[in-house]
Amino acid sequence: MNIFIPLIVGVVTGYIFREKLKYNLDKPMSATLLFLIFFMGVEAGRVEIKAMSLFVTSIIFAFFTILGSLLFSLLLGGKLR
Amino acid sequence: MNFLYLVLISLFAGLLVGKYTSYEFGDLALLMLYLLIFIIGLEIGKSRGVKREIKKLGKIALILPLATIIGSLLGGAFASFLLRFPLKWGIAVSAGFGWYSLTGPLLAAFSPIYGVIGFLANLTREIFTIIFYPLVIKRVPKELAVSMGGATTMDSTLPVLVKFGGKEITIIAFIHGFILTAIAPFLISLIAQL
């Protein structure tokens, strides 16, 4: 649950300095995001996949879990919008 | 240049560096994640009307994680059927909701193969969310498309969702990821012990 610490520190800092923080945070956020994705890619690239079938199985599971989630979110959440 | 292309270039450059080099970056991924979460926190803190946003969310904050749970498990069951994969383990893999570092080790305690698939399938879910969320929101409402990321929407995929979906989806994405993160360990263990 370490993720709460930077989030809460950020929210509190942002709230305290909301009058002074006038500049747009979009660019630093984009740059950090690209670095994060790069380093996540490095970690994913380190995973050795020896059997092609394991890779295909994983892709099919990922695809259908995402598809199922999207369909049910539209089905259940669509009415509440 | 479209930001999505930069995301894809970063991802594939990282994959190549990880695959073909032995450079060690230590905990830089984690540091970047914390930095991003801090920046997102700054955005929330300085923006006005957050209370109004939370009130406006109402039922959707609970319905969306429920939809993700049902959809992921049924999607996993369908994938099991297609692949002739044992149904129980297919549903257990899907119950990770993208949390690969949890699902892999938990399932590896029962079988190394299910552990590897649990790890890879959930890692792939996270990568697919990063790549396809910006495209999916052209057709699906951006707050409902948050369900793609499963448990990862409170941390690793949150920056991508906020970047492409707008900062107004931060709270729903965080609550969604938080609920699924709380449920996944219990659900995987429960299914695996059936």
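The values are calculated or read from the model by the stated rules, or taken from the named source; none is laboratory data. Source: prediction; values computed, not measured. Glycine also receives a Cβ, built like all others from the backbone with ideal geometry; neighbour counts cover every protein chain displayed. The area values use the complete protein model at the heavy-atom level, side chains included, leaving out ligands, DNA and RNA. Shrake-Rupley method; radii C 1.70, N 1.55, O 1.52, S 1.80 Å.
A few remarks follow.
- For segment B:152-163, the set of residues classified as outside any helix (DSSP H, G or I) and open to solvent by less than 10 Å² (accessible area, probe 1.4 Å) consists of B:Thr157 only.
- Given (1) outside any helix (DSSP H, G or I); (2) over 15 Å from the mean Cα position of the chain (by Cα); (3) among the hydrophobic types (A, V, I, L, M, F, W, C); (4) surrounded by 24 or more Cβ atoms within 10 Å (Cβ to Cβ), number of the condition B:Leu107 does not satisfy: (1)
- Filtered residue count, segment A:41-53, keeping only those that are open to solvent by 30 Å² or more (accessible area, probe 1.4 Å), assigned to a helix (DSSP H, G or I) and either in contact with a helix residue (DSSP H, G or I) (Cβ under 7 Å, 6 or more places away or on another chain) or of a type in the set (A, V, I, L, M, F, W, C) (or both): 3
- Of the criteria (1) open to solvent by 30 Å² or more (accessible area, probe 1.4 Å); (2) modelled with pLDDT of 85 or more; (3) closer than 17 Å to A:Thr32 by Cβ, which one B:Ile44 fails: (2)
- Restricting B:Met32, B:Met1 to residues that are modelled with pLDDT under 80 and open to solvent by 30 Å² or more (accessible area, probe 1.4 Å) narrows the list to B:Met1.
- Residues being part of a helix (DSSP H, G or I) and closer than 19 Å to A:Leu71 by Cβ - total across segment B:132-151: 11
- Residues within segment B:1-49 that are more than 7 Å from every other protein chain (Cβ to nearest Cβ) and either touching a strand residue (DSSP E or B) at 6+ places or on another chain (Cβ under 6 Å) or part of a loop (DSSP other than H, G, I, E, B) (or both), tallied: 11
- Candidates are the residues of segment B:164-193 that are touching a Phe, Trp or Tyr at 6+ places or on another chain (Cβ under 7 Å) and at pLDDT 90 or above; the one that is least open to solvent (accessible area, probe 1.4 Å) is B:Leu180.
- The residue of segment A:1-18 that is most open to solvent (accessible area, probe 1.4 Å), among those that are at pLDDT 80 or above and assigned to a loop (DSSP other than H, G, I, E, B), is A:Phe17.
- Within the option set B:Leu73, B:Leu107, being at pLDDT 95 or above, out of contact with any Leu (no Cβ under 7 Å at 6 or more places or on another chain), more than 23 Å from A:Phe4 (Cβ to Cβ) and more than 7 Å from chain A (Cβ to nearest Cβ) holds for one residue only, B:Leu73.
- B:Val136 being within 10 Å of chain A (Cβ to nearest Cβ), touching a residue at least 40 places away in the same chain (Cβ under 8 Å) and within 19 Å of B:Pro65 (Cα to Cα): no
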